[in-house]
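J.: Shown below is the structure under consideration.
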Amino acid sequence: MADCIFCGIASGEIETRIVYEDEFLLAFKDLNPQAPTHILIIPKKHISSLSQAAEEDLELLGMMQLAAVKIAKDLDLKDFRLVTNCGKGAGQSVEHLHYHLLSGRRMLWPPG
């Protein structure tokens with residue numbers, strides 16, 4: 001989508017600090033980190049949120065989960081939190097599916 005910032009990042013039009021990339025996914029450092037390690041993992045395909053994912057996205061969703069594990073291992077993270085927000089009321093600020101990979105501080109529950 002032309003007006004989606006994450007699509008601009010995925011296409012290379014907007015620069016970012018990439019920590020992982022493959023044919024289908026991109027992961028980069030959050031510009032407003034909420035933990036010492038805060039990585040955003042996005043599909044290169046535009047899906048507005050997890051609630052908009054379809055059966056055809058099943059493999060892509062699994063790839064996102066496995067990418068999170070690989071990134072955590074590559075960054076030598078002992079513990080981490082992986083979260084996605086679905087909709088503005090849940091805290092989603094960019095309408096492009098993304099996971100937040102957070103680590104480096106004690107995570108509280110419930111988270112907010």
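J.: Taking segment 80-112 as the search range and keeping residues that are among the charged types (D, E, K, R) and farther than 25 Å from residue 43 by Cβ, which one is modelled with the lowest pLDDT?
T.: 106
J.: Just to be sure before I move on: is residue 40 modelled with pLDDT of 95 or more and open to solvent by 30 Å² or more (accessible area, probe 1.4 Å) in the structure I sent?
T.: no
Yes or no, residue by residue, for (1) closer than 20 Å to residue 2 by Cα; (2) in contact (Cβ under 8 Å) with a residue 40 or more places away in the chain; (3) not β-branched (Val, Ile, Thr):
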residue	(1), (2), (3)
78	no, no, yes
89	no, no, yes
96	yes, yes, yes
105	no, yes, yes
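The values are calculated or read from the model by the stated rules, or taken from the named source; none is laboratory data. Worth saying up front: this structure is predicted, and the values here are computed from it rather than measured. With ideal geometry, Cβ positions are generated from the backbone for all residues, glycine too; neighbour counts draw on all protein chains shown. When the accessible area is computed, the model is the full protein with side chains, heavy atoms only, and any ligands, DNA or RNA have been set aside. Shrake-Rupley method; radii C 1.70, N 1.55, O 1.52, S 1.80 Å.
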